[in-house]
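Heads up, the thing below is written out as structure tokens.
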Amino acid sequence: MADLRVNVAGVEFKNPVIPASGAFGYGREYEKFYPLSKLGGIAIKGTTLEPRQGNPGPRVAETPSGMLNSVGLQNGGLKKFLEYELPNLLTKDTRIVANIAGATAEECGELAKALDDTAVDMIELNISCPNVKQGGAAFGTRCESAAAVTASVRKATSKPLMVKLSPNVTSIVDIAKAVESEGADAVSLINTLLGMRIDIKSRRPVLKNNVGGLSGPAVFPIAVRMVWQVTNAVNIPVVGMGGIATWEDAVEMMMAGASAIQIGAALFSNPYAPVEIVEGLNKYCDDNGIKSISEIVGTVQPW
């Protein structure tokens, strides 16, 4: 058995596989299929100060090799997370990555401060959701705003801080450098790409929000490219996501430079994807004489 442990910003995960925020909820539905302890960690549903109903439907649509969503950060709010979801998650023997989102930098700081005295292992600051009118990608598409919100959260918490980046930018490298300069301990990327489909019968967009985030295998090559670019530009760990569906995808993403990986859209077609990827990574290491999965991180050899 290979050593699948990875370290991200001082947090040790038993394996590098983490269901992504928004795709896994709080794990309650998925533990009907397997123990959550099989996972390296869980990135929880994006949490806001107050409950959010999200965007009106239809807000999810299938596309070739992917899906569009405009859920809009629906969640029960901070109070419900702290009182109901977190106590349950802390019994599951896995790392808890608390994804947070706010309409202002001050709100994000307030969320981080509230989590500082809890047992969550890491905070993931979402500055990249394309489906909300305030916060989200409004922070993540400019270096100045990305840096400012990161600084606000950094001051509010001593927890390891990971910032989730948007691909809907001219240079994701510049955004990564900006958040690193303000104290981010890691970055995660990519969030969804902004997309749109139209129903040619009704002549209306298939999503009520008109546009939504594209995820799934269709975006995987873009995610690999961006992870590779960012890894070579910053001195903090990178967690890779975007279209990962198999253990082969996970190996590729880690070779591009990801210290760990997150699984999102794949969960909707295959709820077993995370545990299958863990098993596949272990077999890959054993078959290739690799003692530790971390040995493959960043090993791509460009021409």
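The values are calculated or read from the model by the stated rules, or taken from the named source; none is laboratory data. Everything numeric in this text was worked out from a predicted model, so none of it was measured. Counting neighbours? That spans all protein chains shown, and the Cβs are built from the backbone with ideal geometry, glycine included. SASA here: full protein model, heavy atoms, side chains in, ligands and nucleic acids out. Shrake-Rupley method; radii C 1.70, N 1.55, O 1.52, S 1.80 Å.
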Compute the normalised compactness of segment 162-238: alpha-carbon radius of gyration over 2.2 N^0.38 Å, N being the residue count.
-> 1.34
If the cut-off is 13 Å between C-alpha atoms, which aspartates and glutamates fall inside it for residue 38, apart from same-chain ones fewer than 8 positions away?
-> 93, 276, 279
Calculated FRET efficiency, residue 204 and residue 291, Cβ-Cβ r, R0 45 Å, to nearest 0.05?
-> 0.25
Give 155/177; 92/113; 113/164; 159/283 a once-over and call out the pairs whose C-alpha atoms are over 22 Å from each other.
-> 92/113; 159/283
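Could you look at segment 40-192 and say what percent of its accessible area is carbon and sulfur, using a 1.4 Å probe and all protein chains? Let's see the in-between values first.
Numbers: 2880 of 5930 Å².
Roughly 49 percent, rounded to a whole number.
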Out of segment 207-303, which trypsin sites (Lys or Arg not before Pro) are coil in DSSP terms and have no more than 11 other C-beta atoms within 10 Å?
-> 291
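Sum -39500 (n - 2.57) across every DSSP H segment of at least 4 residues in the chain, then divide by the residue count to get the 222 nm mean residue ellipticity, nearest 500.
Numbers: 10 runs with 88 residues, N = 303.
Taken over the chain, the calculation gives -8000 deg cm²/dmol.
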Taking the Cα centre of the chain as origin, work out the dipole magnitude from +1 charges on Lys and Arg Cβ and -1 charges on Asp and Glu Cβ, in debye rounded to 20.
-> 960
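Taking 4 °C and 1.567 mPa s as the conditions, I'd like the Stokes-Einstein D for segment 15-111 in µm²/s, using the Kirkwood hydrodynamic radius from alpha carbon pairs.
Values: Rh = 14.5 Å.
Answer, rounded: 89 µm²/s.
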Scattering from the C-alpha atoms of segment 51-94 alone, worked out with Debye: what is log10 I(q)/I(0) at q = 0.17, 0.22, 0.23, 0.30 1/Å?
-> -0.67, -0.77, -0.78, -0.95
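Using only the Cα atoms of segment 24-74, what semi-axes does the equivalent ellipsoid have when each is the square root of 5 times a gyration tensor eigenvalue? Give whole Å, largest first.
On the way: eigenvalues 109, 63, 17 Å².
After diagonalising the Cα gyration tensor, the semi-axes are 23, 18, 9 Å.
Filter the GluC sites (Glu not before Pro) in segment 21-71 to those in DSSP coil with at most 13 other Cβ atoms within 10 Å of their Cβ, and list the result.
Values: sites: 29, 31, 62; in loops: 29.
Sparse-neighbourhood loop GluC sites (Glu not before Pro): 29.
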Run through all the Cα pairs of the chain and give the fraction in each 10 Å bin from 0, expressed as whole percent.
-> 7, 30, 38, 21, 4, 0
Rounded to whole Å, sorted largest first: equivalent-ellipsoid semi-axes of segment 203-245, Cα gyration tensor | 29, 11, 8
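Let's see if you can work this out: charge +1 on each Lys and Arg Cβ, -1 on each Asp and Glu Cβ, no other charges. What is the dipole magnitude of segment 182-249 about its Cα centre, in debye to the nearest 20? Before the final figure, lay out the partial values.
Working: 6 positive and 5 negative charges, 133 e Å.
Roughly 640 debye, rounded to the nearest 20.
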Rounded to the nearest 20 debye, dipole of segment 90-225 from Cβ charges on Lys, Arg, Asp, Glu | 800
Here, residue 197 and residue 5, labelled 7 Å along Cα→Cβ, have an inter-label distance in nm of 4.4
What is the distance in Å between the Cα centres of segment 137-201 and segment 1-78?
-> 17
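In Å², and per residue, what accessible area does the chain have when probed at 1.4 Å with the other protein chains present? Please list the in-between numbers first.
Details: 13280 Å² over 303 residues.
Per-residue accessible area for the chain comes out at 44 Å².
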Give the Debye-formula value of log10 I(q)/I(0) at each listed q (0.16, 0.32 Å⁻¹), with one equal scatterer per alpha carbon of segment 158-207, two decimals each.
-> -0.57, -1.16
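Using the Kirkwood formula on the Cα atoms of segment 149-292, what hydrodynamic radius do you get, in angstrom to one decimal? Before the final figure, lay out the partial values.
Values: mean 1/r = 0.0603 Å⁻¹.
Roughly 16.6 Å, rounded to one decimal.
Quick one: divide the alpha-carbon radius of gyration of segment 39-196 by 2.2 N^0.38 Å and tell me what you get.
Details: Rg = 15.0 Å, N = 158, 2.2 N^0.38 = 15.1 Å.
Here the answer is 1.00, to two decimals.
Chymotrypsin sites (Phe, Trp or Tyr not before Pro) within segment 1-110: which are DSSP loop residues with at most 15 other Cβ atoms inside 10 Å?
Working: sites: 13, 24, 26, 30, 33, 81, 84; in loops: 24, 26, 33.
For chymotrypsin sites (Phe, Trp or Tyr not before Pro) across segment 1-110 that sit outside H, G, I, E and B with at most 15 neighbouring Cβ atoms in 10 Å, the list reads 33.
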Taking N as its residue count, the alpha carbon Rg of segment 239-303 over 2.2 N^0.38 Å | 1.09
